[in-house]
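See structure below.
No lab work stands behind these numbers, since they all come straight from the coordinates. Source: prediction; values computed, not measured. Note: ideal-geometry Cβ built from the backbone for every residue, glycine included; neighbour counts use all protein chains shown.
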Amino acid sequence: MEEYAREPCPWRIVDDCGGAFTMGAIGGGIFQAVKGFRNSPAGLNHRLRGSLTAVRTRAPQLGGSFAVWGGLFSTIDCGLVKIRGKEDPWNSITSGAMTGAILAARNGPVAMMGSAAMGGILLALIEGAGILLTRFASSQFPTGPKFAEEPTPMPTPSFGDYRQYQ
Amino acid sequence: MPVAVGPYGQTQPNCFDRVKMGFMMGFAVGMAAGAMFGTFSCLRVGMRGRELMGGVGKTMMQSGGTFGTFMAIGMGIRC
């Protein structure tokens, strides 16, 4: 869904990098809080302290690796858009595979192949889900004028400010 | 919270709906990915038959939950 309303190309890299960092940091915070809580010795004080330590050490790391992935991914994506001159799901799938390959480059060609396949399959799944979702959503919520049969007129024409609520 | 009403009726889903949708989408993607990668990794450690089903199911649920959480966060920070 957000695949078709994204930033224009050079700025998309910054946007994706920051978004991925935030996503990884928040998600890593949640998961590491639970993990640190469970891995600590008994006693609430110990558990809370272990949880805090785990979040503090691990969440920024996870955010950083998410940010590297996102930044490299959208760099390659933008490059492919520029080279091929069009913007379709194959760009995302290819750049996912290439990102996986590049980030595993120091582990040898076998690891590169495995990581590239994983990245490509994941991005293909995500793109497919996005396409299915937009198709489903556009068939479920028709964008016709829905309140044509409602008798109450709009009190104020809210053209200017309806976007500030989202 | 006032409902965002555009000129064509209510077409903008609100924030919680987007987060829920992101979670469902991430859960589906994670289940599919977990089915693939979980099958490979469970076959590699030598599970067969009934045990294999259980292992693949566990991997599917785990990766679905992880993916769904991350997708929901990703939707949540953009609205």
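List of remarks:
- Convex hull of the range A:34-79 built on C-alpha atoms - directionally averaged projected area, nm²: 3.2 nm²
- Our summary gives the range A:1-70 a relative contact order of 43 percent, counting only alpha carbon pairs under 8 angstrom and 6 or more residues apart.
- The Rg/Rh ratio of the range B:18-78, with Rg taken over Cα atoms and Rh as the Kirkwood radius over Cα pairs, comes to 1.13.
- Listing A:I126, A:I121 from fewest to most neighbouring C-beta atoms within 10 Å gives A:I121, A:I126.
- Overall size of the range A:1-111 from C-alpha positions, given as principal axis extents largest first: 60, 36, 19 Å.
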